[in-house]
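Data block below; observations after.
The values are calculated or read from the model by the stated rules, or taken from the named source; none is laboratory data. Computed from a predicted structure; not experimentally measured. Positions of Cβ are generated from backbone atoms using ideal geometry, with glycine treated the same way; all protein chains shown enter the neighbour counts. The area values use the complete protein model at the heavy-atom level, side chains included, leaving out ligands, DNA and RNA. Shrake-Rupley method; radii C 1.70, N 1.55, O 1.52, S 1.80 Å.
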Amino acid sequence: MIEHDVVIVGAGLAGMRCALEVCKELDVGVLTKVYPSRSHSGAAQGGIAASLGNSEPDSWEEHMYDTVKGGDFLNDQDAVEEYVKAAPRVIYELEHMGCVFSRTPEGKIAQRAFGGHSKPRACFSADRTGHAILHALHEQLMKNSKSVKIYNEWYMHSLVIDGDRCNGVVVSNIQTGEVEVIRAKAVVFATGGYGRVFKITSNAFAGTADGVMAAFEVGIPIEDPEFVQFHPSGLYRQGILFSEAARGEGGYLLNGKGERFMEAYAPSRMELAPRDIVARAEQSEMDAGRGVNGEDCIHLDLRHLGEARIMERLPQIRQLGIDFIGVDCITDPLPIQPTAHYSMGGIPVDKGCHVQLDSEGTRMNGFFAAGECACVSVHGGNRLGTNSLLDAVVFGERAGKSVLEYARGKDFGNVNEGQEKARVLKKFEDIFQRDGSESYNDIRNEMKEVMMTKCGVFRDEERLKACIETLKDLKVRFQKGKVTDKGKLFNTEIYEIIELGNMLGMASLIATAALRRQESRGGHFRTDFPKRDDDKFLHHSMVYGTPDGLEIKTKPVVITKYQPEERKY
Amino acid sequence: MATFRIKRFNPEKQPEPYFEEFQLDIPHGATLLDCMNEIKWKLDGSLSYRMSCRSAICGSCAVKANGHALLACQRQGEHLLQDDDTITLEPLGNMKPVKDLVVDFTPFWDKVNKIKPYLEPKEEPPEKERQQSPEQFRLIDDSSTCIMCGACYSDCNTLEVDDNFLGPAALAKAQRFVSDSRDSKTMQRVQDLSEPGGIWDCTHCAECVERCPKPARPFDRIKEIMTVALEKGVHNNNGARHALSFTNSVKRSGLLNENRIAPESVGIFNIPGLLGLIPIGLRMLLKGKIPPIFHKSIEEVDDVKRIFKELNQ
Amino acid sequence: MKFALFTGCVAKGATRELMLSTTKAAEGLGFEFVEMKAASCCGAGVVSEKSPLLADALNARSFSIAEKQNLDIVTICSTCQGTLKKTEAYLNESKEYKEKVNDILEEGGHQYNGKTKIKHFANILATEEGMARLKARIKKPLTGLKVAAFYGCYVLRPSERSDYENPDNPTEMEDIFAALGATPVYYPSRVKCCGFPIVMMNKDASLGMSGNALQDAIDNGADVIATGCPLCHLSLDSYQPEIELLQKKNQSIPILHLPQLVALALGYTPTQLGMDTHIVSTLKINQILSGSSASAH
């Protein structure tokens, strides 16, 4: 049995920032199913928010108000306040670690405008900010390699739970196929989001709900899963991201008639309205037959920015356009469509990243979560661009501090290694034993399709009910899938199957919570209930697993400084 | 219909790799990675390769296609079709295969670790950010785009014959710190990087520049480190002596004096090194291939000298 | 066809047979090559290690010399070609940089305007006009000779500065061989590095590279390797006796400069082309060619 004082699952921004905190005192194991540098945080392009005021005066209060308004007032404001207040410090710390930032002429960290933010608040490194921070943190981990052991290409299967205490994780080494138990005084999940359940998504193949579902399986409720953000500028058909920075730098959105249609939806902020509003505007244009060439596609036009600005500020976006669809944005507009991008919901945690067992704040001891897999909730119903990297860094650090406080001087808990291993080995064996009459690929595609069309940008009761039925059917078919690779060595097929199982579960949570929430708020839009309904729904959803199926309870929203008001841009 | 010739390897079943062919209609607009997924998901689920982001930023899906390393997600399948309608896929080179297209990255990361890949700051950090001008940022902008995909490492010509070479990715990463205005260890870094296995073992083949999917272009970064090393006076090695001897020769005559460069590179007090030059010297002497003893200058050499002077060289 | 000939240092030094054969090849083809006697060394990517600006200024000065004569530049060395193209690219990428370099040149009476083109000898031949001229003037086709190309890294990579249509898989040299009546031999190492740049720093690795390339060509049935780069020639020819890989098998293979191969087909004798000065004997080539001509008659 492997032992570490603390094991962190996930090596993106949240996981690595957490590891840096914990390794100051305790021995850390960091588990990643890819490599740290391959984590999806690296794909974040546009920036990381903080009210540094380097180009215009700014304040944490304005950052907080923008975040709460952007979240459609579902954010827990006590958490938001601490989060935005911490922002400048954590950015300076990243800079001190060596993170590469674009600079103002005076040598300060440069900041640009971003959707939903009233001030230019996005600190950036050209259009690869996530990449720059990810590598800076990875560099620090390499510097601290004596106290941090990184398990590259290891997969987390389940949590080891003893009553109300978490004592470790069951994992397997993807390279060798060996199953192992890692015993730890504390476990931190920083496992990211689950955009892969949708057909069009910006997410990496790795974004498959592994962490969220592992938590759910040990009785943790999932908070606000219905709130999924659709990013307005996914590459047509592929879904990969063209950063909001393209609009931050002044890009236009044009419909098939060449009109800047945002005029009709958010006249004051235009293209820089929050993502949920822009994505819906795009979908509405496309649904009304005003897509480019009548297709599900809108134009992102950067031509008026000129070659010099594009090359300086958006070079990667230009290259993506050239490589992936052969369009050079200096001379032609880019075809885009809304793409599933970010999960506002997730594992419920308090401000200190302690995982919650219920709405009353009962803790699962020794279990922490941070980053996209967690729901604090600082983003409420819709996250503003550049707030996610900040979330990962702020709460990665906080999780680290909480873990130290918890695990310092603690003993290891009891772990029945044989039993824990046997459970995962049986999971493998079950998959190998299936009768093989169904194609996992078909099941995956059908899940993605139904989630996109029936639980996507626009939702209604009829579609959601049909979606839930389809998912039930898919779960039955999933039990009869066909396996070709029964080997142990780097068997990527078996992991894709396990991930698909997780995604089918996650999809049901999303659709069920979406059906229950009969209002429209943030990223969740019901065409049959197009208005926000604070009387009935100004609360978080908490989805529990019960023997009879999913049960949804509520949790109050923490409102401190800003009372809910109509959200207009 | 395209034929994908894929190098398969599964030591659990068979010790030697072999090629297997798959037929696939490449969907319009499909990337190479999309094609590989079509094969895996529809034809043979046991095919193993790495992938994650699909947008050329995570660096997982580097493979060799038609003999050269690239990111599978970054290229259109159709563009890789050869005249005979085939695409040949192999694992990255210079690393040991694990299964199919998956290779062992351990030596790659070991070498990245060797160059001390983290900032060693000059002083205690200020309250806010350290100042860095846009010009200073530009010096590390390109190297900081590296995604550690290993494409350069795969096709590096020096690595094919010398495992000891740090390789292009680690050296590009090193430039990221050598040229960072916030770093305090520039001298130490260029000294370490001038050791055998470092910058001077780069053979200038530029394969790394060609394979790099980002603007990192390792060979260009290696040359930047060389310039810093020479500026900092780290001259006690054959590479630096070679560059200095070469440049001085051009300064004197406008041309390279081949008779001087060899002994000056190994060092004129390096007796074993000089002895090592004797066989080649003798061979060339016997064939009349020794350059003229009296090295002639180009016409208008004074203008060349003037340029050297103007640039303080 | 008139060009300014950028000889490069090695053709005037250790591989004078390259200069000799270039003169003959040009004569045979009816090209007028005007030697750039005031041009300096290209820097070989080494001067730029010391100072990139210095290297570019020296090369811009050379371009200016050709521009004054209204001539395009022809190179006979892959390294010169690649190095000059790099300077050209830097100058043309940035107006500011070009002005900076021109300021340095001004006192010497030179200015770079971007008019002159830089072409390697092989790329002059591999045009429609070049090939037509070549085919029309062949006197002794190289029938029966199996020739393997060795391109030289600098003319291929980075590909955006290469004149070859497909630098990862070029065919121009082989097309020339075929036009000369020879049989081209394709082998993977033809686009690889000869190892010369590190022969002073890491001789084992350098000889490892050249050894692998030579072995690859031999294994693929080549009688001779022809290269467009005198540095590759030094690596493959002058160092060949020290390469263990070949020693062990008691193998060797002659190495020709491209102009030598061309001039052979144009009717010049091996001695006229300095082939007797090579380290690895080229007699095998004469034997194959006389054997084939004997059997042809």
Report summary line: Share of accessible surface on carbon and sulfur in the protein assembly as shown, whole %, 1.4 Å probe and ligands ignored, is 49
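As an exercise, identify the trypsin sites (Lys or Arg not before Pro) in the stretch A:507-555 lying in DSSP coil whose Cβ has no more than 14 other Cβ atoms within 10 Å.
Working: sites: A:ARG516, A:ARG517, A:ARG521, A:ARG526, A:LYS531, A:ARG532, A:LYS536, A:LYS553; in loops: A:ARG517, A:LYS531, A:ARG532.
Qualifying residues, ordered by number: A:LYS531.
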Query raised in the report: GNM, chain B, Cα, under 10 Å: largest mean-square fluctuation among B:PRO168, B:PRO126, B:PRO117?
Result: B:PRO126
**Report entry** Those residues of the stretch A:179-205 whose amide nitrogen sits under 18 Å from the label point placed on A:ARG423, 7 Å along Cα→Cβ
**Finding:** A:179-189
Query raised in the report: Which FRET efficiency value, to the nearest 0.05, do you get for B:GLU231 and A:GLU312 by plugging their Cβ-Cβ distance into 1/(1 + (r/R0)^6) with R0 = 45 Å?
Result: 0.95
Query raised in the report: Pick from B:SER179, B:SER52, B:SER265: which is most flexible by mean-square fluctuation in a GNM of chain B where alpha carbon atoms under 10 Å apart are linked?
Result: B:SER52
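For the ranges A:193-201, A:64-72, what's the packing order if you count other beta-carbon atoms within 10 Å of each residue, average per peptide, and put the highest first?
On the way: A:193-201: 27.7, A:64-72: 25.2.
Ranking the peptides A:193-201, A:64-72 by packing returns A:193-201, A:64-72.
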Query raised in the report: Can you list the residues of the stretch B:12-28 with backbone N under 19 Å from a point 7 Å past the Cα of A:LYS486, pointing along Cα to Cβ?
Result: B:12-14
Query raised in the report: Rolling a 1.4 angstrom probe over the protein heavy atoms, how many square angstrom per residue are accessible across chain A?
Result: 32
Query raised in the report: B plus C alone minus the pair: what accessible area, both sides summed, probe 1.4 Å, in Å² to 100?
Result: 5500
Report task. Once you have the Kirkwood Rh of the stretch A:351-478 from its Cα pairs, apply Stokes-Einstein at 20 °C and 1.002 mPa s and quote D in µm²/s. Result -> 113
Requested in this report: Please give the residues from the stretch A:17-38 for which the solvent-accessible area of heavy atoms, probe 1.4 Å, is smaller by at least 10 Å² with all protein chains in place than with the chain isolated.
Outcome: A:VAL34, A:TYR35, A:SER37, A:ARG38
Query raised in the report: For the stretch C:107-153 and the stretch B:15-38, what is the separation of their Cα centres, given in Å?
Result: 39
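Ignoring the sites themselves, what is the longest stretch of chain B with no chymotrypsin sites (Phe, Trp or Tyr not before Pro) in a DSSP loop and at most 16 other beta-carbon atoms within 10 Å? Intermediate results must be reported in sequence, preceding the final value.
Values: sites that count: B:PHE269, B:PHE294.
Between the exposed loop sites, the longest stretch runs B:1-268.
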Query raised in the report: Cα convex hull of the protein assembly as shown: how many Å³ per residue?
Result: 180
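What length, rounded to one decimal in nm, is gained on full extension from C:ARG137 through to C:VAL34, with 0.36 nm per residue of separation minus their alpha-carbon distance? Intermediate values should be presented prior to the final figure.
Values: separation 103, 0.36 × 103 = 37.08 nm, distance 2.11 nm.
Stretched out fully, the C:ARG137 to C:VAL34 stretch lengthens by 35.0 nm.
Taking loop as defined by DSSP and a crowding limit of 15 other beta carbons within 10 Å, which trypsin sites (Lys or Arg not before Pro) in the stretch C:125-156 fit? All intermediate terms of the calculation are to be shown ahead of the outcome.
Details: sites: C:ARG133, C:LYS135, C:ARG137, C:LYS139, C:LYS146; in loops: C:LYS139.
The qualifying sites are C:LYS139.
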Query raised in the report: Hey, can you list the residues from the stretch C:1-23 whose accessible area shrinks by 30 Å² or more with all protein chains present, relative to the chain by itself (probe 1.4 Å, no ligands or nucleic acids)?
Result: C:CYS9, C:ALA14, C:ARG16
Requested in this report: Obtain the nm distance between the two label points defined at B:THR3 and A:PHE432 by a simple spin-label model: each point lies 7 Å from its Cα along the Cα-to-C-beta direction.
Outcome: 3.5
**Report entry** Efficiency of FRET from Cβ geometry, A:ARG237 and B:ASP25, R₀ 25 Å, rounded to 0.05
**Finding:** 0.90
Query - Backbone N under 11 Å from the A:GLN518 label point (7 Å along Cα→Cβ), restricted to the stretch A:458-477 - result: A:461
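Before I look further, what does the stretch B:151-195 give for accessible area per residue, probe 1.4 Å, in whole square angstrom? The partial results should precede the final answer.
Details: 1180 Å² over 45 residues.
Accessible surface, normalised per residue, equals 26 Å².
With N denoting the number of residues in the stretch C:92-168, provide Rg(C-alpha) divided by 2.2 N^0.38 Å, to two decimal places. If you can, show how the numbers build up before the last one.
Details: Rg = 18.5 Å, N = 77, 2.2 N^0.38 = 11.5 Å.
Rg over 2.2 N^0.38 Å, computed on Cα atoms: 1.61.
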Query raised in the report: Any idea which of A:HIS540, A:GLN111, A:ALA79 is furthest toward the positive side of the dipole for chain A, if Lys and Arg beta-carbons carry +1 and Asp and Glu beta-carbons -1?
Result: A:GLN111
Query - Added length on full extension, which subtracts the Cα-Cα distance from 0.36 nm per residue, B:LYS42 to B:GLN131 - result: 26.7 nm
Query - A:ASN144 paired with A:ASP78, simple spin-label distance in nm, labels 7 Å along Cα-to-beta-carbon - result: 2.8
Query raised in the report: So for the pair A:ARG303, B:ASP104, with labels modelled 7 Å out along Cα→Cβ, what separation do we get in nm?
Result: 5.4
Requested in this report: Sum -39500 (n - 2.57) across every DSSP H segment of at least 4 residues in chain A, then divide by the residue count to get the 222 nm mean residue ellipticity, nearest 500.
Outcome: -11500 deg cm²/dmol
Query raised in the report: With heavy atoms of protein chains only and a 1.4 Å probe, what residues of the stretch C:178-224 have at least 30 Å² less accessible area in the full set of chains than alone?
Result: C:LYS192, C:CYS193, C:PRO197, C:ILE198, C:MET200, C:MET201, C:ASN202, C:ALA205, C:MET209
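Going through the cross-link list A:LYS199/A:LYS257; A:LYS488/B:LYS114; A:LYS69/A:LYS472; B:LYS296/C:LYS119; A:LYS119/C:LYS98, which pairs have a Cα-Cα distance over 30 Å in this structure?
Values: A:LYS199/A:LYS257 27 Å; A:LYS488/B:LYS114 32 Å; A:LYS69/A:LYS472 36 Å; B:LYS296/C:LYS119 26 Å; A:LYS119/C:LYS98 39 Å.
Those over the limit are A:LYS488/B:LYS114; A:LYS69/A:LYS472; A:LYS119/C:LYS98.
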Report task. Taking just the C-alpha trace of chain B, give me its Rg and Dmax in Å. Result -> 24.0, 71
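Which longest run of chain C has no exposed loop site in it, a site being GluC sites (Glu not before Pro) in a DSSP loop with at most 12 other beta carbons within 10 Å, and the site itself not part of the run? Provide the component values of the computation, followed by the final result.
Details: sites that count: C:GLU107, C:GLU165.
Segment C:166-297 is the longest.
Leaving out ligands, DNA and RNA, calculate the buried accessible area for the pair A and B with a 1.4 Å probe, summed over both sides, in Å² to the nearest 100.
Working: alone 20710 and 17990 Å², together 33500 Å².
Looking at A and B, the buried total is near 5200 Å².
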Requested in this report: Consider just the alpha-carbon atoms of chain A and return their Rg together with their Dmax, both in angstrom.
Outcome: 22.3, 67
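Which percent, nearest 5, of DSSP beta bridges in the protein assembly as shown are antiparallel? Write out the running numbers ahead of the final one.
Details: 65 of 115 bridges.
Within the protein assembly as shown, antiparallel bridges account for around 55 percent of the total.
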Report task. Note the angle between two axes, namely the Cα long axis of helix B:301-310 and the longest principal axis of the Cα atoms of chain B, as a number of degrees from 0 to 90, rounded to the nearest 10. Result -> 80
Query raised in the report: What accessible area per residue, rounded to a whole number of Å², is obtained for the stretch B:1-128 using a probe radius of 1.4 Å?
Result: 43
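What longest range of chain B stays clear of loop-exposed GluC sites (Glu not before Pro) (DSSP non-H/G/I/E/B, at most 15 other C-beta within 10 angstrom)? Provide the component values of the computation, followed by the final result.
Working: sites that count: B:GLU12, B:GLU123, B:GLU127, B:GLU299.
Formally, the longest exposed-site-free interval is B:128-298.
Assuming R0 = 25 Å, can you tell me the calculated FRET efficiency for the pair A:GLN563 and A:ARG89, based on Cβ-Cβ distance, to the nearest 0.05?
0.30
If you wrap the stretch C:1-99's Cα atoms in a convex hull and average its projection over all directions, what's the area in nm²?
Numbers: hull surface 25.8 nm².
In nm², the orientation-averaged hull projection of the stretch C:1-99 is 6.4.
Pairs of alpha-carbon atoms within less than 8 angstrom and 6+ residues apart define the contacts here; what relative contact order does chain A have, in percent?
Working: 1367 pairs, mean separation 122.2, N = 569.
Reported as a whole number, the value is 21 percent.
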Query raised in the report: What percentages, rounded to whole numbers, describe P(r) for the stretch A:298-415 computed over all alpha carbon pairs with 5 Å bin width beginning at zero?
Result: 2, 10, 15, 13, 11, 10, 9, 8, 7, 7, 4, 2, 1
Query raised in the report: Per chain B: cysteines with no other Cys C-beta under 4.7 angstrom?
Result: B:CYS35, B:CYS61, B:CYS73, B:CYS146, B:CYS149, B:CYS156, B:CYS202, B:CYS212
Requested in this report: For n ≥ 4 DSSP H runs only, could you compute -39500 (n - 2.57) per run for chain B, divide by its residues and tell me the 222 nm figure to the nearest 500?
Outcome: -11000 deg cm²/dmol
